[in-house]
Amino acid sequence: MKKNNFKKVIIIWALLMFSIGYAQINIKGTVEIDMNSGLINCDFDLSNIPKIEEYRILLNKGMNIKYFKDDKNQLISYNGHHNGNTNGEAIEYTLRTDTTYIPSKLHVTYRGAFPIYKNDEFSAFDYKGIIAFNGETLRATEQTKWYPVIYDVTNDRLINSYTYDLTISIKGGTTIFINGSAPKKGKTSRFVSKKAQRLLLFAGNYDFVESNGNYILNTKITKETSKKVFSNIEIIKSNLSNKLGIVFTDKIYLVSHKAINKRKKGSSWGFNTYPTFAFTALNFDKMLDDEGQFTNNNVRYFGHEFGHNYFGNNVNSGKLKWFWGESFTEYLSYNIAEDLCGKDFLKETLIKQVKSINEEDTFIALSEVKKRSDIGSKYRYILAPLMLKCFEDRFGRDKMNHIIKSLLELSYDETLTLEHWKQSAIKSGIKKDAFEAFEKEFISNKNFKQNIIKEIVKNYSK
Ligand SMILES: [Zn+2]
């Protein structure tokens, strides 16, 4: 290789290194679950941890640490065992190392003990943050911090999506599932994911059905019903992938779980840890209408959720994270609703959304947003998606899909900004002036809320 070429290679390599914005933490190790005693043993190596100065390692308060070790197998002392602070469901730990930064590699071993609620024994409450043994299954979501979650204090950011290589064994159970991998039967199974996932763990005595890589776990379901459910899933997936022109890669997991508190008959409680959706008292027949199709609200619900196949970890940075991550997915759900449920349902939905914005609700114009919390839940799930709808109404769905495609390409290397949106719009064929006129009315205008409402009402109230 000529010296000059060598230099070029080095420069390209350096550019590549800097453009990888989302190095993922990897977690490798073993998990042992005992369904009869409620014990969990974990032994993990975390690697590729980003360089964070002010950090906390969060671990569920029911977990007792045996030790932290460094990459040379030496013990690391730590703060948090005595007088530790709690943070949600977890205790906060920091390591007593030479530097203030969190090490890039870390070994931790711990054991947890949890109550089992079975027969007629109930907890006073249940929610996503509980490690729940009910005699049949164990449910532990990312929110429980059953595995070490890193908290970046300065940026107020939880890092809980990891690539993984986990060997999980179970005593007193038949089946193990970890988010993002197919469930497996057997006492011990290995699960590997090169895509970062939030580690929902669901293990115990249950069966599952599969179709085209999608799964339904822990429910008695007839072949016929499962076929219908899977076909609805495929319809939504292929609508998204055809319209955006990008393959839908995630497999979908529907889990029926049982709450550990006493619940009113017929009540249902669901949560999602994308691409897994969990429901109590899951009745698939109720999800379907007489023609075997998801009811309209379910189409829109899953339309939004499946949109996270595209707007997921890749847009998980920057002050506009909620706009890219939730408003775009919600906007996609409008399109799914229009395509699969019809224009009337879309109209009804948009008008309902507009009506849920109250006079006293105040929002900061998107261009003036300074921090993530400026985009609250009404902003990200209602107002901003309606703004994107106004954009589509002005420039057309084709152009919008082009823009989304271009934004997604960018999102894998950098933090998305409004400038990216503008550049992508111009690239899609929208005139600079036309974009700026829209910007002035809906993105940077003090009265952008009223302008959005007015525009939606004008277009959809009849
Ligand atoms: Zn969402």
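The values are calculated or read from the model by the stated rules, or taken from the named source; none is laboratory data. Note that this is a predicted model, so its numbers are computed, not measured. Backbone-built Cβ (ideal geometry, glycine too); neighbour counts: all protein chains shown.
Could you go through the range 90-102 and let me know if any residue there is of a type outside the set (D, E, K, R) and closer than 20 Å to ASN261 by Cα.
No: the range 90-102 contains no residue that is of a type outside the set (D, E, K, R) and closer than 20 Å to ASN261 by Cα.
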Checklist entry - Restricted to the range 324-334, and to residues that are within 12 Å of the ligand (Cβ to nearest atom) and not acidic (Asp, Glu), which residue is surrounded by the most Cβ atoms within 10 Å (Cβ to Cβ)? => result LEU332
Item to check | Subset of the range 71-122 [among the hydroxyl-bearing types (Ser, Thr, Tyr) and touching a residue at least 24 places away in the same chain (Cβ under 8 Å)] | outcome: THR86, TYR93, THR94, THR97, THR100, TYR101, SER104, THR109, TYR110, TYR117
Checklist outcome for this item: Within the range 28-41, the count of residues that are surrounded by 18 or more Cβ atoms within 10 Å (Cβ to Cβ) and either among the β-branched types (Val, Ile, Thr) or in contact with a Ser or Thr (Cβ under 7 Å, 6 or more places away or on another chain) (or both) comes to 3
Checklist outcome for this item: Over the range 378-405, the set of residues surrounded by fewer than 20 Cβ atoms within 10 Å (Cβ to Cβ) and more than 25 Å from the chain's Cα centre (by Cα) is GLU392, ASP393, ARG394, GLY396, ARG397, ASP398, LYS399
Checklist outcome for this item: Just one listed residue, out of LEU383, LEU407, LEU418, is touching a residue at least 24 places away in the same chain (Cβ under 8 Å), within 22 Å of ASN316 (Cβ to Cβ) and within 16 Å of the ligand (Cβ to nearest atom), and it is LEU383
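Being assigned to a loop (DSSP other than H, G, I, E, B), within 15 Å of the ligand (Cβ to nearest atom) and in contact (Cβ under 8 Å) with a residue 12 or more places away in the chain is the requirement here; does ASN309 meet it?
Numbers: assigned to a loop (DSSP other than H, G, I, E, B): yes; within 15 Å of the ligand (Cβ to nearest atom): yes; in contact (Cβ under 8 Å) with a residue 12 or more places away in the chain: yes.
Here the answer is yes, as ASN309 does meet what is asked.
For every residue, the table says whether it meets (1) over 30 Å from GLU419 (Cβ atoms); (2) outside the structural domain of ASN179 (by TED's automatic domain parsing); (3) not basic (Lys, Arg).
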{"position": "LYS264", "(1), (2), (3)": "yes, yes, no"}
{"position": "TRP269", "(1), (2), (3)": "yes, yes, yes"}
{"position": "ALA278", "(1), (2), (3)": "yes, yes, yes"}
{"position": "LEU282", "(1), (2), (3)": "yes, yes, yes"}
{"position": "MET287", "(1), (2), (3)": "yes, yes, yes"}
{"position": "TYR301", "(1), (2), (3)": "yes, yes, yes"}
{"position": "HIS308", "(1), (2), (3)": "no, yes, yes"}
{"position": "LYS321", "(1), (2), (3)": "no, yes, no"}
Next on the checklist: Given (1) out of contact with any Lys or Arg (no Cβ under 7 Å at 6 or more places or on another chain); (2) closer than 17 Å to SER241 by Cα; (3) at pLDDT 95 or above, identify the lone condition not met by GLU305.
Outcome noted: (3)
Checklist entry - If you scan the range 183-230, which residues turn out to be in a strand (DSSP E or B), surrounded by 14 or more Cβ atoms within 10 Å (Cβ to Cβ) and β-branched (Val, Ile, Thr)? => result VAL209, ILE216
Next on the checklist: Conditions first: (1) in contact with a Phe, Trp or Tyr (Cβ under 8 Å, 6 or more places away or on another chain); (2) in a loop (DSSP other than H, G, I, E, B); (3) of a type in the set (A, V, I, L, M, F, W, C). VAL108 passes all but one, so which condition is the exception?
Outcome noted: (2)
